[in-house]
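The values are calculated or read from the model by the stated rules, or taken from the named source; none is laboratory data. Please read all numbers here as calculations on a predicted model, not as lab measurements. Cβ placement follows ideal geometry from the backbone for every residue including glycine, while neighbour counts extend to all protein chains displayed. Surface areas here come from the heavy atoms of the whole protein model, side chains and all, with no ligands, DNA or RNA. Shrake-Rupley method; radii C 1.70, N 1.55, O 1.52, S 1.80 Å.
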Amino acid sequence: MSGTEQPQAPIPREGIQLGRVGGIPIILAYSWFLIAGFIVLVFGPQVAQEIAGLGWAAYLVAFSYALLLLFSVLVHELAHALSARVYHWPTAKIVLNLWGGHTQFENFSASPGKSLVVAMAGPAANFLLAAVGLLITPLMQGSEVARLLTDIFVYANFLVAVFNVLPGLPLDGGRIVESAVWKVTGSQEKGTIAAGWAGRIIAVLMVAAAILIPISLGVTPGFQLVLITVLVAGFLWLGASGAITNARMRLRLPEISAGRLAVPAVGLSSSSSAATVKSTLGTQEAGSAAVVLVGANGRPEAVVDTGALSSVPEAMAPSTPASAVARALAPGAYVPAWAEGQELVQYLAQLAGSEYAVIDRTGRVTGLLHQATVVAAITGKQQRGFDAGS
């Protein structure tokens, strides 16, 4: 370590750290206060109507609703994290937010069975809490507030459990579909795509049910119910779509190779002249081949800009250094031609710049790889025409 530490940019805080459970950080996202405020505003008047004489305290009871729901979600996420610990999956953190919460894991090795166990641990914990609430309900009959909060606690946990076992991502029940397809096909990504589509279908059915069921009964759909349903369905749709996109990207990774994605290139000494570069390009079968300038140490240093090269008059080309019409590569911006998949992506993520020389096993330059080409290969989106020399 050097004697002088460089100041680092502060890491944005995503919420309030409540503490740790079993070494796992528990973070309360700022967005949680939005759902807490919504619960207070919606249920406060209902509590006041159900329990006469509470007055403004009815809003405190409604806020207790939010706290009980927060506790239920926390237990749900802890069940995920602690069951994952059995399989030695490292847990980075638990975040409680507007949509409930999520448990973020670090890198781990999963299997269909393990994934299913960890996923179902959350709903199982909520079913257990609901059962405990039912057992203590008779003890709360002496206080209307205590009885009401206990009923809400039972209802909330039962609802969270049932909702989460619906078979579609991003819900826990989506892991049932994912694990089943994963087991049959041997591909987790294909399982994720199937579960993502199941999640999209659930989102559509939820909105349809909230609107069509009341209409079929001759009742106008309640605005509040429809609004909440649309918001939740929107959350499900976005989560399912994100899961599908990520899975499709992971499916493409094995096909990504530096050698296959690179444009042909030749390496010349950085001491070469513009005339030498022009002559070299003229001998290439494809006139668009790139030229990479290599330093005395054998490492790629720059890429010749063909646009700038073409502007050099023929009479001046022999005396013009090739480096004068080249753009520098970032330090270490070269990759082996055989690098592929996740390894290639992770390696490029550590390099600066947006283009990288590709070398063979002897260290000879064979190609030039552009970041945009790799991104297009991962996302599956067609990139626009690209001039390797520009």
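For first residues located in the stretch 323-340 and under 16 Å from A296 (Cβ atoms), partners that are open to solvent by 40 Å² or more (accessible area, probe 1.4 Å) and part of a strand (DSSP E or B) and lie 6+ apart or on another chain with Cβ distances below 7 Å form the pairs A328/E301; L329/E301. Specify the residue that is farthest from the chain's Cα centre (by Cα); the eligible residues are those in the stretch 222-231 that are free of Cβ contacts under 8 Å to residues at least 60 places away in the same chain and assigned to a helix (DSSP H, G or I). Filtering first and then ranking leaves F223.
Selection of the stretch 252-267 for residues being of a type outside the set (G, A, S), open to solvent by 20 Å² or more (accessible area, probe 1.4 Å) and not in a strand (DSSP E or B) yields R252, L253, P254, E255, R260, L261.
Only residues in the stretch 43-67 that are under 15 Å from A146 (Cα atoms) and at pLDDT below 95 count as the first member; pair them with residues that are acidic (D, E) and surrounded by 13 or more Cβ atoms within 10 Å (Cβ to Cβ), Cβ under 7 angstrom, at least 6 apart or cross-chain, and list the lot. The qualifying pairs are I51/E144.
Applying a threshold of 7 Å to beta carbon distances and a minimum spacing of six or more residues, or different chains, the list of pairs starting in the stretch 234-251 at a residue that is free of Cβ contacts under 8 Å to residues at least 40 places away in the same chain and ending at one that is assigned to a helix (DSSP H, G or I) and open to solvent by 20 Å² or more (accessible area, probe 1.4 Å) reads W237/R200.
Report whether or not V219 is aliphatic (A, V, I, L, M) and in contact (Cβ under 8 Å) with a residue 12 or more places away in the chain. Taking the combined requirement at face value, the residue does not satisfy it.
Among the conditions (1) within 23 Å of the chain's Cα centre (by Cα); (2) surrounded by 14 or more Cβ atoms within 10 Å (Cβ to Cβ), the only one that A274 does not satisfy is (1). Determine which single condition Q104 fails, assuming it passes every other condition in (1) open to solvent by 40 Å² or more (accessible area, probe 1.4 Å); (2) at pLDDT 95 or above; (3) not small (G, A, S). So Q104 meets the others, but not (2). With respect to (1) under 28 Å from the mean Cα position of the chain (by Cα); (2) among the hydroxyl-bearing types (S, T, Y); (3) surrounded by fewer than 17 Cβ atoms within 10 Å (Cβ to Cβ), the lone exception for S241 is condition (3).
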